[in-house]
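Single-structure report; data block below.
The values are calculated or read from the model by the stated rules, or taken from the named source; none is laboratory data. Remember, predicted model here, so these are calculated numbers, not experimental data. Glycine gets a Cβ as well: all are built from the backbone with ideal geometry, and neighbour counts include every protein chain shown.
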Amino acid sequence: MNKTVIVSGLCLSAMALELVSIIQPNWGKTSMNMQGISAKANLGLWKKCLTESGAGQKASKCQHIPTGDNKNFPKHSLVACRVLSIMGVVLVFLAMVCMTFCKMHKKLQMGLLALGGVSSIVATIVWSAELLNYKDSDGKKVDLKPDYCLFLNAVGGVLALMASGYLKWSKK
(Lines give C-alpha, C1' and ligand atoms only; values in the text may rest on other atoms or scores of the structure.)
Protein backbone atom coordinates (compact mmCIF):
# COMPACT_ATOMS: atom_id res chain seq x y z
CA MET A 1 0.00 0.00 0.00
CA ASN A 2 1.21 3.51 -0.77
CA LYS A 3 2.84 5.37 2.14
CA THR A 4 0.84 8.53 1.41
CA VAL A 5 -2.44 6.63 1.58
CA ILE A 6 -1.58 5.06 4.94
CA VAL A 7 -0.38 8.32 6.49
CA SER A 8 -3.38 10.22 5.09
CA GLY A 9 -5.74 7.61 6.52
CA LEU A 10 -4.09 7.86 9.93
CA CYS A 11 -4.22 11.66 9.78
CA LEU A 12 -7.87 11.79 8.72
CA SER A 13 -8.80 9.32 11.45
CA ALA A 14 -6.87 11.34 14.04
CA MET A 15 -8.52 14.59 12.95
CA ALA A 16 -12.01 13.07 12.96
CA LEU A 17 -11.60 11.61 16.45
CA GLU A 18 -10.09 14.81 17.83
CA LEU A 19 -12.81 17.00 16.29
CA VAL A 20 -15.58 14.84 17.74
CA SER A 21 -13.91 14.94 21.14
CA ILE A 22 -13.57 18.74 21.05
CA ILE A 23 -17.19 19.34 20.04
CA GLN A 24 -19.01 16.89 22.33
CA PRO A 25 -19.57 17.60 26.06
CA ASN A 26 -18.47 14.14 27.14
CA TRP A 27 -15.02 14.45 28.70
CA GLY A 28 -16.24 13.72 32.22
CA LYS A 29 -19.47 12.31 33.67
CA THR A 30 -21.16 11.76 36.99
CA SER A 31 -24.58 10.59 38.13
CA MET A 32 -26.61 10.83 41.32
CA ASN A 33 -29.99 9.75 42.69
CA MET A 34 -32.03 11.89 45.10
CA GLN A 35 -35.61 11.25 46.24
CA GLY A 36 -36.71 9.33 43.15
CA ILE A 37 -35.01 11.70 40.72
CA SER A 38 -31.89 10.63 38.91
CA ALA A 39 -29.49 13.20 37.53
CA LYS A 40 -26.64 12.72 35.09
CA ALA A 41 -24.06 15.41 34.37
CA ASN A 42 -21.65 15.52 31.43
CA LEU A 43 -18.73 17.92 31.27
CA GLY A 44 -16.90 18.95 28.11
CA LEU A 45 -14.41 21.56 26.99
CA TRP A 46 -17.08 24.12 26.11
CA LYS A 47 -20.27 23.19 27.95
CA LYS A 48 -21.74 21.12 30.74
CA CYS A 49 -25.05 19.30 30.44
CA LEU A 50 -27.41 18.08 33.16
CA THR A 51 -30.12 15.50 32.47
CA GLU A 52 -32.75 14.87 35.16
CA SER A 53 -35.30 12.09 34.96
CA GLY A 54 -37.97 10.89 37.33
CA ALA A 55 -41.74 10.52 37.65
CA GLY A 56 -42.04 9.80 33.93
CA GLN A 57 -40.39 13.05 32.88
CA LYS A 58 -36.99 13.82 31.47
CA ALA A 59 -35.37 17.26 31.25
CA SER A 60 -32.02 18.20 29.82
CA LYS A 61 -30.18 21.50 30.15
CA CYS A 62 -26.76 22.56 28.82
CA GLN A 63 -24.70 25.59 29.83
CA HIS A 64 -21.60 27.17 28.37
CA ILE A 65 -18.54 26.83 30.63
CA PRO A 66 -17.13 30.32 31.22
CA THR A 67 -13.37 30.62 31.00
CA GLY A 68 -12.83 33.44 33.47
CA ASP A 69 -14.89 32.98 36.61
CA ASN A 70 -15.36 29.22 36.76
CA LYS A 71 -14.95 28.06 40.37
CA ASN A 72 -15.33 24.41 39.51
CA PHE A 73 -12.54 24.08 37.01
CA PRO A 74 -9.31 26.11 37.19
CA LYS A 75 -9.05 28.67 34.40
CA HIS A 76 -5.51 27.73 33.39
CA SER A 77 -6.35 24.02 33.04
CA LEU A 78 -9.50 24.63 31.03
CA VAL A 79 -7.76 27.04 28.67
CA ALA A 80 -4.78 24.68 28.36
CA CYS A 81 -7.03 21.75 27.42
CA ARG A 82 -8.93 23.83 24.88
CA VAL A 83 -5.78 25.24 23.28
CA LEU A 84 -3.89 21.93 23.23
CA SER A 85 -6.85 20.04 21.74
CA ILE A 86 -7.41 22.60 19.00
CA MET A 87 -3.68 22.80 18.37
CA GLY A 88 -3.58 19.02 17.88
CA VAL A 89 -6.19 19.15 15.12
CA VAL A 90 -4.60 22.17 13.44
CA LEU A 91 -1.11 20.63 13.43
CA VAL A 92 -2.35 17.36 11.94
CA PHE A 93 -4.24 19.36 9.30
CA LEU A 94 -1.09 21.36 8.50
CA ALA A 95 0.87 18.12 8.15
CA MET A 96 -1.71 16.88 5.64
CA VAL A 97 -1.47 20.14 3.69
CA CYS A 98 2.31 19.80 3.75
CA MET A 99 2.04 16.22 2.45
CA THR A 100 -0.05 17.48 -0.44
CA PHE A 101 1.91 20.55 -1.47
CA CYS A 102 5.48 20.15 -0.20
CA LYS A 103 6.33 16.48 -0.45
CA MET A 104 10.05 17.15 -0.05
CA HIS A 105 9.81 18.25 3.57
CA LYS A 106 9.42 14.89 5.31
CA LYS A 107 10.94 16.12 8.59
CA LEU A 108 8.48 19.01 8.75
CA GLN A 109 5.59 16.61 8.23
CA MET A 110 6.90 14.29 10.94
CA GLY A 111 7.39 17.19 13.34
CA LEU A 112 3.90 18.57 12.77
CA LEU A 113 2.32 15.14 13.28
CA ALA A 114 4.38 14.45 16.39
CA LEU A 115 3.54 17.85 17.91
CA GLY A 116 -0.14 17.40 17.06
CA GLY A 117 -0.23 13.97 18.67
CA VAL A 118 1.65 15.07 21.77
CA SER A 119 -0.55 18.15 22.26
CA SER A 120 -3.71 16.01 22.16
CA ILE A 121 -2.26 13.51 24.60
CA VAL A 122 -1.11 16.27 26.97
CA ALA A 123 -4.63 17.79 26.85
CA THR A 124 -6.01 14.39 27.84
CA ILE A 125 -3.55 14.10 30.73
CA VAL A 126 -4.30 17.63 32.01
CA TRP A 127 -8.05 16.98 31.89
CA SER A 128 -7.66 13.62 33.63
CA ALA A 129 -5.69 15.27 36.43
CA GLU A 130 -8.42 17.87 36.87
CA LEU A 131 -11.13 15.17 36.98
CA LEU A 132 -9.49 13.86 40.14
CA ASN A 133 -9.83 17.25 41.87
CA TYR A 134 -13.18 18.50 40.50
CA LYS A 135 -15.37 20.29 43.05
CA ASP A 136 -18.95 21.54 42.79
CA SER A 137 -20.01 25.14 43.45
CA ASP A 138 -20.12 24.46 47.22
CA GLY A 139 -16.53 23.23 47.23
CA LYS A 140 -17.46 19.55 47.72
CA LYS A 141 -15.48 16.97 45.76
CA VAL A 142 -17.46 15.43 42.91
CA ASP A 143 -16.70 11.92 41.68
CA LEU A 144 -16.23 12.60 37.97
CA LYS A 145 -15.33 9.70 35.74
CA PRO A 146 -13.70 9.97 32.33
CA ASP A 147 -16.09 9.75 29.39
CA TYR A 148 -15.64 8.66 25.79
CA CYS A 149 -14.43 12.00 24.34
CA LEU A 150 -11.42 11.92 26.60
CA PHE A 151 -10.44 8.57 25.10
CA LEU A 152 -11.21 9.74 21.54
CA ASN A 153 -8.82 12.66 21.98
CA ALA A 154 -6.08 10.37 23.30
CA VAL A 155 -6.58 7.85 20.47
CA GLY A 156 -6.47 10.70 17.93
CA GLY A 157 -3.15 11.79 19.42
CA VAL A 158 -1.78 8.26 19.24
CA LEU A 159 -2.86 7.96 15.58
CA ALA A 160 -1.03 11.20 14.77
CA LEU A 161 2.08 9.83 16.49
CA MET A 162 1.73 6.59 14.53
CA ALA A 163 1.55 8.58 11.28
CA SER A 164 4.70 10.46 12.26
CA GLY A 165 6.48 7.20 13.11
CA TYR A 166 5.35 5.60 9.87
CA LEU A 167 6.81 8.53 7.92
CA LYS A 168 10.07 8.22 9.82
CA TRP A 169 10.60 4.47 9.46
CA SER A 170 9.07 3.80 6.06
CA LYS A 171 11.15 3.62 2.94
CA LYS A 172 10.69 6.14 0.17
- Message: Can you pull out every residue in the range 52-97 that is farther than 17 Å from PRO25 by Cα and either at pLDDT 90 or above or touching a Cys at 6+ places or on another chain (Cβ under 9 Å) (or both)?
- Response: MET87, GLY88, VAL89, VAL90, LEU91, VAL92, PHE93, LEU94, ALA95, MET96, VAL97
- Please state which one of ASP147, ASP143, ASP136 is crowded, with 16+ Cβ neighbours inside 10 Å, touching a residue at least 40 places away in the same chain (Cβ under 8 Å) and of a type in the set (Asp, Glu). ASP147
- Task: Determine whether HIS76 is touching a strand residue (DSSP E or B) at 6+ places or on another chain (Cβ under 8 Å) and either touching a residue at least 60 places away in the same chain (Cβ under 8 Å) or surrounded by fewer than 20 Cβ atoms within 10 Å (Cβ to Cβ) (or both).
- Result: no
- Subset of the range 151-172 (residues that are in contact with a Leu (Cβ under 8 Å, 6 or more places away or on another chain) and either farther than 23 Å from LEU112 by Cβ or among the polar types (S, T, N, Q) (or both)): ASN153, SER164
- Selection from the range 134-160 of residues more than 13 Å from the chain's Cα centre (by Cα) and not in a helix (DSSP H, G or I) yields TYR134, LYS135, ASP136, SER137, ASP138, GLY139, LYS140, LYS141, VAL142, ASP143, LEU144, LYS145
- Condition met for LEU84 (surrounded by 13 or more Cβ atoms within 10 Å (Cβ to Cβ) and assigned to a strand (DSSP E or B)): no
- Taking the range 113-151 and keeping residues closer than 18 Å to PRO25 by Cβ and basic (Lys, Arg) leaves LYS145
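Quick check: anything in the range 11-23 of a type in the set (Gly, Ala, Ser), surrounded by fewer than 18 Cβ atoms within 10 Å (Cβ to Cβ) and under 24 Å from the mean Cα position of the chain (by Cα)? Lay out the reasoning, then the answer.
Of the range 11-23, the ones of a type in the set (Gly, Ala, Ser) are 13-14, 16, 21.
Among the residues that remain, those that are also surrounded by fewer than 18 Cβ atoms within 10 Å (Cβ to Cβ) are: 13, 16.
Filter once more, keeping what is under 24 Å from the mean Cα position of the chain (by Cα): 13, 16.
Yes, the range 11-23 has at least one match.
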- Message: Restricting to the range 106-133, and then to whatever is over 20 Å from the mean Cα position of the chain (by Cα) and not hydrophobic (A, V, I, L, M, F, W, C), can you tell me which residue is surrounded by the most Cβ atoms within 10 Å (Cβ to Cβ)?
- Response: GLN109
